[in-house]
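One structure below.
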Amino acid sequence: MSRIVMTSAYLNTLVQQLEQAANQLQQVDSALQHAIQSAAWQSSSRQNIMALYSGHQRNFLTAAVNMQELAAFARSTREKFEQEDQSGGTLGIAGFNPMAPLDGLGNITGTLLGGLAVARLGYRVQNGYMVRQQLDRRRPRILVRDSYASVRSNPIVNGRPRGHKIYYLDSVRAAVANGTASPKIKEIAAMADPWYGAKSALKDKLGWASVGIDIFTDTKENLDNNASSDEVAGDIIGNVIVGGATTVGATLLTAAIMPAAAPVLAVGAVGFGVSVGLTYLAEGVKLDVDLDNDGQDDSVKDIVKHGAKRAWSTVSGWFK
């Protein structure tokens, strides 16, 4: 997409040129007045010439006023640009809601479910749950111990108790690909492959609980306010988009942050922290825009909803 770039120097020159043009129009009008007043008139032509001049004088005055208004607009635009440049570029951030993860029933539900998942994982780790990835081997594998009790009867290997079960990644991926993977195999696959983990999270019905609550709340509020069908659809689509993006983003960012050898509890805790952080980013940061005209600064989620509403309105209009 092409852009038109205006510098402060250009706008300053434009202001000067517009003001100069306005002054020249005024000077021409003054010169005409002087010439008409000092001319030797014949009584038969004076009235016609004065009427013609009066029409031109109105045009001169209108043009001069327009030039002055354009100069004032260019000057205010230049000053606004300079003020924004000197502000250091705050990206239009107007405020911050520190309670975003607990703001509304949907967010409270999502945050509590995430916290409970970490607590449940901590309980399992305390009882012997262990996951250790060994991806640098010729045949990458993951070692899993479900609990201390689960490996008590394991045979002794090389004179030492094994203490874990071995899952080879090629076998895990094959089971997932041919549809024979058990829930345990799918859990292992999600640990090894962030993209598979993201897909699995998107299929988790419990994980969508907070999104469902937000959809119900927004829809009820829209219906109570007699909102349009585009508004209702936009809020639903926006909630789904932001919820899905937060889920996928949390999974992928956690995988990028944490090394493969990190303890499973540490990975779970970091994942919960990343999820909360993305909630702050999507709903806690308030930008200096008000696209929905509700008198309040919009968050990223609000902007997504507004975009979804416009997109839905455009698409639905094709079928009318």
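Every number in this text was worked out from the coordinates using simple rules, so none of it is lab data. It should be emphasised that the depicted structure is a prediction, and the values quoted were computed from it without experimental measurement. Here Cβ is always computed from backbone atoms with ideal geometry, including for glycine, and neighbour counts include all displayed protein chains.
A few notes on this one:
- Contact order relative to length of the stretch 194-315, as percent, for alpha carbon pairs under 8 angstrom and 6 or more apart: 30 percent
- Were the residues from N154 through N226 laid out at 0.36 nm apart, the gain over their Cα-Cα distance would be 19.4 nm.
- Segment S182-L61, extension gain: residue separation times 0.36 nm, minus the distance between their alpha carbons: 35.1 nm
- Placing R0 at 22 angstrom, the Cβ-Cβ distance between K199 and A256 gives a FRET efficiency of 0.85 after rounding to 0.05.
- Rounded FRET efficiency, nearest 0.05, which uses the C-beta distance separating I166 from A269 and R0 of 22 Å: 0.25
- Potential lengthening between S54 and S30 on full extension [0.36 nm per residue; Cα-Cα distance subtracted]: 7.4 nm
- Amide H contacts under 5 Å for A94: K286, L287, D288, restricted to partners 5 or more places along the chain or on a different chain, H placed in the peptide plane at 1.01 Å from N.
- In order along the stretch 104-117, the phi-based Karplus estimate (6.51 cos²θ - 1.76 cosθ + 1.60, θ = phi - 60°) of 3J(HN,Hα) comes to x, 4, x, 5, 4, 4, x, 5, 5, 5, x, x, 5, 5 Hz; Gly and Pro are listed as x.
- Computed from the C-beta positions of N293 and L135, the FRET efficiency with R₀ = 45 Å rounds to 0.30.
- Cα-centre dipole for the stretch 100-317 with unit charges at Cβ (Lys and Arg positive, Asp and Glu negative), debye to 20: 2400 debye
- Relative contact order [Cα under 8 Å, 6+ residues apart], the stretch 100-317, whole percent: 21 percent
- For K184, a cut-off of 17 angstrom between C-alpha atoms picks up these lysines, skipping any fewer than 8 places away in its own chain: K165, K199, K203.
- According to the Cα-based calculation, Rg over Rh for the stretch 112-155 is 1.12, with Rh computed by the Kirkwood formula.
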